[in-house]
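The values are calculated or read from the model by the stated rules, or taken from the named source; none is laboratory data. This structure is a prediction, so every number in the text was calculated from the model and none was measured. Quick reminder, even Gly has a Cβ in these numbers, built from the backbone with ideal geometry, and neighbours come from all protein chains shown.
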Amino acid sequence: METFITDDFLLYNDTAKELFHNTAKDLPIIDYHNHLLQDEILHDKTYHNIAEIWLGGDHYKWRAMRANGVNEQYITGNKSDYEKFIAWSKTVPKTLGNPLYHWTHLELLRYFDIDVLLDEKSALAIWEETNKKLATPAFSVRSLLKNQKVEFVGTTDDPTDDLNSHIALAEEGFYSYVSPSFRPDKGLYIEREDFLPWINKLAEVTSSDIETYDQFLAAFEKRVDYFDERGCRSSDHGIDVMFYQPATQAEVADIFQKRLMGKALSSEEIEKFKTYTLIVLGEMYADKGWVMQLHLGALRNNNQKMLRKLGPDTGFDSIGDVLIADKLAGFLDSLEKVGKLPKTILYSLNARDYNVLATMAGNYQGSEIPGKLQLGTAWWFNDTIDGMEKQMKTLANMGLISHFVGMLTDSRSFLSFPRHEYFRRVLCNLLGSWVEEHKIPKDMTLLKQYARHICYQNAKNYFSL
């Protein structure tokens, strides 16, 4: 059976169709936040089969398979790739209403030219056809990026990473600009078991002793400089629960010493350390002209049994519901009052927070940077048609959607880039529906400017590309 993805998929009025087909459709992609492996780009990896590239590490699909009653052996276990693919093919027809259903068929169509619904009956033919194509040079990692016109890739990197693959790609002048993003979470979460081993690694890569908090900050600054010299454009922070507890540097230095000595810290001390350290980092980002990305509101690793078995990032996270407004305001204002608030994107996994974040961003606009603070795109569980529309409507209601930096994949898969097409269709349809409802004028010159800027140009400018 042919798929439902026609040329006018998700486009329900003439204005939307014109905007998408004549403006948004063929724009290059700026994917400024993802979890792709730069080594695989450098070495132009090819994949053995569709399961390897499609199911490996994809906790979106894993969650759906578990919800469908699939045994874990067919998800993360020791069953063959073919058996895992068959288990996924049996799950796909159960996903109507979930973006996975759309993404699955978009990816089959855009990459493999397969216009067939995936189910148990079609699985074998699709397995054979996709694997045949994956064996060709046209389906190597670099070819996949060129296929989708991916102009910029923002990976996610620990401050201790050597960035050798980024360096090599830059020297080579590869088609896509592959940029590291500075993700210092392990240096902020002082209460975690991996904090002290990470400090040792930071000391090693900076060829320094880290026996005091001043030395710790100096080592961080060295890595910020290192990343900046190698094309970094942004930092990224996973902040599940927003923190803000003012402290002096002397207080934080004492807290740091206590941790080095193996002493227990109070919750207040932990929060003071995180707050002061992130403020110092924010000032460094501002000096470099980087974008600071704050991902707020995840409730991670809820299933302790599966965490012990499989580790983190395996599909057992959900939406948190801790209030964020007061502490976020305190943190942002502490940077603003010293003139060191960097460009900042505020994401929340809880769509309840969109109004808070949109109005919070409005408190710190200006400085001759349009949209300096951003309500981030619909993220993770919100990356649905309804979620994207809600985020964009909130931004339009309470800010300026005209300066929105648009979509990202947040993905570990090189087949995920049609999600940009998905977003572009939703955006164009939203603008078209406003025209049809007589909420905005049918000024196609203006509307095409909106579509081009939100899908491409705003992000290009915002990340200084």
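Here is a yes/no grid of residues against (1) out of contact with any strand residue (DSSP E or B) (no Cβ under 8 Å at 6 or more places or on another chain); (2) of a type in the set (Gly, Ala, Ser); (3) in a helix (DSSP H, G or I):
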position: 247; (1), (2), (3): yes, yes, no
position: 253; (1), (2), (3): yes, yes, yes
position: 257; (1), (2), (3): yes, no, yes
position: 262; (1), (2), (3): yes, yes, no
position: 272; (1), (2), (3): yes, no, yes
position: 278; (1), (2), (3): no, no, yes
position: 282; (1), (2), (3): no, yes, yes
position: 285; (1), (2), (3): no, no, yes
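Scanning segment 435-455 turns up no residue that is in the same structural domain as residue 351 (by TED's automatic domain parsing), crowded, with 21+ Cβ neighbours inside 10 Å and touching a strand residue (DSSP E or B) at 6+ places or on another chain (Cβ under 8 Å).
Here the condition is being over 19 Å from residue 130 (Cα atoms) and touching a Gly at 6+ places or on another chain (Cβ under 9 Å); of 68, 13, 22, 78, it holds for 13 alone. Taking the criterion of being of a type outside the set (A, V, I, L, M) and touching a residue at least 60 places away in the same chain (Cβ under 8 Å), the residues of segment 124-136 that qualify are 127, 130, 131. Taking the conditions (1) buried (at least 18 other Cβ atoms within 10 Å of the Cβ); (2) touching a strand residue (DSSP E or B) at 6+ places or on another chain (Cβ under 7 Å) in turn, residue 149 satisfies each one other than (1). Within segment 454-465, residues that are free of Cβ contacts under 8 Å to residues at least 60 places away in the same chain have Cβ atoms under 7 Å from residues that are buried (at least 21 other Cβ atoms within 10 Å of the Cβ) and among the small types (Gly, Ala, Ser) in these pairs: 454/406, counting only partners at least 6 apart in sequence or on another chain. If the condition is being over 30 Å from residue 349 (Cα atoms) and in contact (Cβ under 8 Å) with a residue 60 or more places away in the chain, then segment 228-278 contributes 230, 255, 256, 259, 260.
Kindly evaluate residue 268 against the criterion of being at pLDDT 95 or above, in the same structural domain as residue 350 (by TED's automatic domain parsing), surrounded by fewer than 15 Cβ atoms within 10 Å (Cβ to Cβ) and not hydroxyl-bearing (Ser, Thr, Tyr). Break it down into steps so the answer makes sense when it comes.
On the way: at pLDDT 95 or above: yes; in the same structural domain as residue 350 (by TED's automatic domain parsing): yes; surrounded by fewer than 15 Cβ atoms within 10 Å (Cβ to Cβ): yes; not hydroxyl-bearing (Ser, Thr, Tyr): yes.
The answer is yes for residue 268.
Here residue 289 passes the criteria (1) in contact with a Pro (Cβ under 9 Å, 6 or more places away or on another chain); (2) small (Gly, Ala, Ser); (3) crowded, with 16+ Cβ neighbours inside 10 Å except the one numbered (3). You will find that of 140, 89, the residue that is crowded, with 16+ Cβ neighbours inside 10 Å, polar (S, T, N, Q) and closer than 14 Å to residue 48 by Cα is 140 and no other. Checking the stated criteria, residue 207 turns out not to satisfy the condition of being at pLDDT 95 or above and under 20 Å from residue 291 (Cβ atoms).
I'd like to check something: does segment 410-418 contain any residue that is in a helix (DSSP H, G or I), over 20 Å from residue 342 (Cα atoms) and in contact (Cβ under 8 Å) with a residue 12 or more places away in the chain? Before you say what the answer is, go through the steps one by one.
Here is the first cut: in segment 410-418, the ones in a helix (DSSP H, G or I) are 418.
Within this subset, residues satisfying the condition of being over 20 Å from residue 342 (Cα atoms) are 418.
From what's left, in contact (Cβ under 8 Å) with a residue 12 or more places away in the chain: 418.
Among the residues of segment 410-418, at least one is in a helix (DSSP H, G or I), over 20 Å from residue 342 (Cα atoms) and in contact (Cβ under 8 Å) with a residue 12 or more places away in the chain, which makes the answer yes.
Here is a check on your reading of the model: is residue 41 within 22 Å of the chain's Cα centre (by Cα) and part of a helix (DSSP H, G or I)? Walk me through it before giving the result.
Numbers: within 22 Å of the chain's Cα centre (by Cα): yes; part of a helix (DSSP H, G or I): yes.
The answer is yes for residue 41.
May I ask you to say which residue of 107, 128 is surrounded by 21 or more Cβ atoms within 10 Å (Cβ to Cβ), at pLDDT 95 or above, in the same structural domain as residue 62 (by TED's automatic domain parsing) and assigned to a helix (DSSP H, G or I)? After ruling out the rest, the residue left standing is 107. Of all residues in segment 319-373, those that are within 16 Å of residue 286 (Cβ to Cβ), outside any helix (DSSP H, G or I) and of a type in the set (Phe, Trp, Tyr) total 1.
Here is a yes/no grid of residues against (1) over 26 Å from residue 301 (Cα atoms); (2) aliphatic (A, V, I, L, M); (3) not assigned by TED's automatic domain parsing to the domain that holds residue 244:
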site: 317; (1), (2), (3): no, no, no
site: 320; (1), (2), (3): no, no, no
site: 328; (1), (2), (3): no, yes, no
site: 355; (1), (2), (3): yes, no, no
site: 368; (1), (2), (3): yes, no, no
site: 389; (1), (2), (3): yes, no, no
site: 397; (1), (2), (3): yes, no, no
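Which ones in segment 199-217 are touching a Ser or Thr at 6+ places or on another chain (Cβ under 7 Å) and either of a type in the set (Gly, Ala, Ser) or closer than 19 Å to residue 278 by Cβ (or both)? Steps first, answer last, please.
Let us first name the residues in segment 199-217 that are touching a Ser or Thr at 6+ places or on another chain (Cβ under 7 Å), namely 201-202, 205, 215.
Hits for segment 199-217 are 202, 215.
Would you mention how many residues in segment 110-125 are part of a loop (DSSP other than H, G, I, E, B) and either β-branched (Val, Ile, Thr) or surrounded by 15 or more Cβ atoms within 10 Å (Cβ to Cβ) (or both)? Reasoning before the result, please.
Within segment 110-125, the subset part of a loop (DSSP other than H, G, I, E, B) is 113-122.
With the extra rule that they be either β-branched (Val, Ile, Thr) or surrounded by 15 or more Cβ atoms within 10 Å (Cβ to Cβ) (or both), the set shrinks to 114, 116-119, 122.
Total satisfying the criteria: 6.
Every condition in (1) surrounded by 20 or more Cβ atoms within 10 Å (Cβ to Cβ); (2) more than 23 Å from residue 288 (Cβ to Cβ); (3) aliphatic (A, V, I, L, M) is met by residue 328 except one, and the failing one is (2).
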